[in-house]
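J.: Here you go, one structure.
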Amino acid sequence: MLIQILLIGVSVSMDAFAVSIGKGLTVKKLRGVDAFKTALWFGGFQALFPLLGYFAASTFSKYVTAVDHWIIFGLLALIGGNMVREAFEEDEENAKETPEFDWRHMLPLAVACSIDAFAVGVSFAFMTLSIWLSVIIIGVTTGLFSAAGLYIGRAFGSRWQKPAQIAGGIVLILIGVKVLFEHLGFLG
């Protein structure tokens, strides 16, 4: 389960990673404090939103346990598919990135990148896992990918942005399929 949570953490961090690469493209000189701020913004919100989704869904989980595997599959497939779709539509969005790292610029980006994580948190409510360990893994993973994305964007440009986001989306879809197949009895 730990590997699955880590893969989910890597997958949901791809939006923040892609945005960080975009920000890195706009920075003339990247300071360590900018990378730290980026890691805190994205990692913090990526940890907060699944926690919110988990508690929202936990309230209603007793009503939907008979179809929880379909909910998990549907949410992860939707999120993953959306990530793949967005990878092909982001060129214009990334061209508008600005190098500012204050709250007015980072808050909307952090919230926008974390909405998928809310849905992942909803799916966590139907899984047997430690929500606290999960959100810590997701937050730290996203923080590390976001900081790395700034440096990658600064050094190499946007060459790896789309492949990373597509890979993240595919991993989420595959995890959703795995959960569905486990519940339907196709996997042990």
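The values are calculated or read from the model by the stated rules, or taken from the named source; none is laboratory data. Given the structure is predicted, the values throughout are model-derived calculations rather than measurements. All Cβ positions, even for glycine, are placed from backbone atoms using ideal geometry, and neighbour counts span all protein chains on display. Side chains included, ligands, DNA and RNA excluded: accessible areas come from the protein's heavy atoms. Shrake-Rupley method; radii C 1.70, N 1.55, O 1.52, S 1.80 Å.
J.: Only helical DSSP H runs with n ≥ 4 go in: add -39500 (n - 2.57) per run for the chain, normalise by residue count and round the 222 nm mean residue ellipticity to 500 deg cm²/dmol.
T.: Taking each H run of at least 4 residues, the total per residue is -29000 deg cm²/dmol.
J.: Now, a different point. Within 10 Å, at most 15 other Cβ atoms, and a DSSP state outside H, G, I, E, B define an exposed site. Report the longest part of the chain free of exposed trypsin sites (Lys or Arg not before Pro).
T.: Longest run free of exposed loop sites: 32-95.
J.: Each residue of the range 106-119 in turn: what ³J(HN,Hα) in whole Hz from Karplus with 6.51, -1.76, 1.60 and θ = phi - 60°, glycine and Pro shown as x?
T.: Per residue, the Karplus-derived 3J(HN,Hα) values read 7, 4, x, 5, 5, 5, 4, 6, 9, 4, 4, 5, 4, 5 Hz.
J.: While we're on this one: What is the magnitude of the charge dipole of the range 1-150 about its Cα centre, with +1 placed on the Cβ of each Lys and Arg, -1 on the Cβ of each Asp and Glu, and no other charges, expressed in debye to the nearest 20?
T.: Approximately 440 debye in magnitude.
J.: Accessible area per residue, 1.4 Å probe, Å², for the chain: what's the number?
T.: Roughly 49 Å² per residue, with all protein chains present.
J.: From the P(r) of the chain, could you give the percentage of C-alpha pairs in the tail past 30 Å?
T.: In whole percent, the long-distance tail amounts to 18.
J.: So what's the angle, to the nearest 10 degrees on a 0 to 90 scale, between helix 161-184 and the longest Cα principal axis of the chain?
T.: 10
J.: Okay, next question. Give the cross-link partners of Lys162 among the lysines, using a straight C-alpha distance below 28 Å as the criterion and excluding same-chain residues fewer than 8 apart.
T.: Cross-link targets: Lys23, Lys28, Lys29, Lys37, Lys96, Lys178.
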